[in-house]
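Taking it in order: structure first as C-alpha cells, then the write-up.
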Amino acid sequence: MNLIEQMSWTRAPKVFCMEGEEISITTEPHTDLWQRTYYHFRNDNAPLLQAETEEKYFSFVVKTDFSRSHHRFDQCGIVLYLDAENWLKASVEYENEQFQHLGSVVTNHGYSDWATTAIPAEVKTMWYRLSRREDDYCVECSYDGEHFSQMRVCHLWEGAGKIRFGIYACSPEESSFTARFTDLAVTDCAWKAHDGQQPDEV
C-alpha cells in the first residue's frame, strides 16, 4: 500500500485528483491557515490530506509543483494539523513576478508565527522533509530531492501523541490555482539525535 492510500481528507477541496502516486488540489479563494498573531486574523479552512500515526521517529518527504500559482499568497506544501490551534506548515507563497516566500508557520495554542526567506519567482517546484522526534519537529527543503537544508526546528506543545501529517494548498485572497504533489514517502527518521552539548542536570 502506498502512502496516498493511507491518507484521508481532514477537509476536502471541491476539486482534486488522485491518480496513482500523484495528487492535485485546485484551491478555492479565501482559504488559509492562520491564527491571531500580528493582526488578529483567523482562518482555518484550507484543505488538508493527511495520514495518522503514533510513530515517534520518522520523516515524511514530498515534492510540490506550484507552477500555476499566480496571485499573492497562493501556496502549497506540507502540514501537520492537530486542530485549529495546533499545527505547522511549510510552503512557497507566491508574491509577485520577481520573488516569492519560502517559509514555515508553527501554531501553538492558537498563536501563529511566520518565518520566511525570499526566493526567485522562477522556482516552480520544491521538496520538503518533515521529521519527528517525539514532540519536536524539523522542517527541511530541497530543490532536487537529494540535498536538504534546514528551515526550522520547533516544538509542538500538543504534538507528543498521535498526530496527522500530509499536504495542503490554499489561496488566501481572490484566487485559485492547481497544485501538484508527487513522490510522497515515509522513511526512517533522517533527523538524527543531537550530537553536542548535553542537557543541564536537573
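Some observations on this one:
- Residues being of a type in the set (S, T, N, Q) and surrounded by fewer than 22 Cβ atoms within 10 Å (Cβ to Cβ) - total across the range 77-103: 3
- Any hit, the range 79-92, residues being of a type in the set (Phe, Trp, Tyr) and over 13 Å from the mean Cα position of the chain (by Cα): no
- Residue match in the range 4-26 (condition: modelled with pLDDT under 95, open to solvent by less than 40 Å² (accessible area, probe 1.4 Å) and in contact with a strand residue (DSSP E or B) (Cβ under 7 Å, 6 or more places away or on another chain)): yes
- Looking only at the range 104-130, and only at residues there that are β-branched (Val, Ile, Thr) and open to solvent by 40 Å² or more (accessible area, probe 1.4 Å), the one that is nearest to Leu184 (Cα to Cα): Thr125
- Residue that is nearest to Phe66 (Cα to Cα), among those in the range 109-154 that are part of a loop (DSSP other than H, G, I, E, B), out of contact with any Asp or Glu (no Cβ under 6 Å at 6 or more places or on another chain) and of a type in the set (Phe, Trp, Tyr): Tyr143
Rundown of residues vs (1) over 23 Å from Phe16 (Cα atoms); (2) of a type in the set (A, V, I, L, M); (3) free of Cβ contacts under 8 Å to residues at least 40 places away in the same chain, yes/no style:
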position: Val61; (1), (2), (3): no, yes, no
position: His70; (1), (2), (3): no, no, no
position: Ala84; (1), (2), (3): no, yes, no
position: Val92; (1), (2), (3): no, yes, yes
position: Leu102; (1), (2), (3): yes, yes, no
position: Trp127; (1), (2), (3): no, no, no
position: Asp136; (1), (2), (3): yes, no, yes
position: Cys141; (1), (2), (3): yes, no, no
position: Glu146; (1), (2), (3): yes, no, yes
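- Looking across the range 78-92, just one residue is touching a His at 6+ places or on another chain (Cβ under 8 Å), in a strand (DSSP E or B) and more than 11 Å from Val106 (Cβ to Cβ), and that is Val92.
- Scanning the range 161-202 for residues that are open to solvent by less than 50 Å² (accessible area, probe 1.4 Å) and without any contact (Cβ under 8 Å) to a residue 40 or more places away in the chain yields one hit, Gly196.
- Odd one out for Ile4 among (1) part of a strand (DSSP E or B); (2) within 18 Å of the chain's Cα centre (by Cα): (1)
- Residue within the range 12-31 that is among the hydrophobic types (A, V, I, L, M, F, W, C), over 20 Å from Arg68 (Cα atoms) and touching a residue at least 60 places away in the same chain (Cβ under 8 Å) present: no
- When Phe41, Phe66, Phe73, Phe58 are checked against the criterion of being hydrophobic (A, V, I, L, M, F, W, C), open to solvent by 20 Å² or more (accessible area, probe 1.4 Å) and under 18 Å from the mean Cα position of the chain (by Cα), Phe73 stands alone in meeting it.
- Given (1) of a type outside the set (Gly, Ala, Ser); (2) over 17 Å from Gly159 (Cα atoms); (3) open to solvent by 40 Å² or more (accessible area, probe 1.4 Å), index of the condition Glu140 fails: (3)
Matching residues to (1) in a strand (DSSP E or B); (2) touching a Lys or Arg at 6+ places or on another chain (Cβ under 8 Å); (3) within 20 Å of Gly145 (Cβ to Cβ):
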{"site": "Thr10", "(1), (2), (3)": "yes, yes, no"}
{"site": "Met18", "(1), (2), (3)": "yes, no, no"}
{"site": "Tyr38", "(1), (2), (3)": "no, no, no"}
{"site": "Ala46", "(1), (2), (3)": "no, yes, no"}
{"site": "Thr64", "(1), (2), (3)": "yes, yes, yes"}
{"site": "Arg68", "(1), (2), (3)": "no, no, no"}
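The values are calculated or read from the model by the stated rules, or taken from the named source; none is laboratory data. The shown structure was predicted, so the numbers you read here are calculated from the model rather than taken from an experiment. Backbone-built Cβ (ideal geometry, glycine too); neighbour counts: all protein chains shown. Note: areas computed on protein heavy atoms with side chains; ligands, DNA, RNA excluded. Shrake-Rupley method; radii C 1.70, N 1.55, O 1.52, S 1.80 Å.
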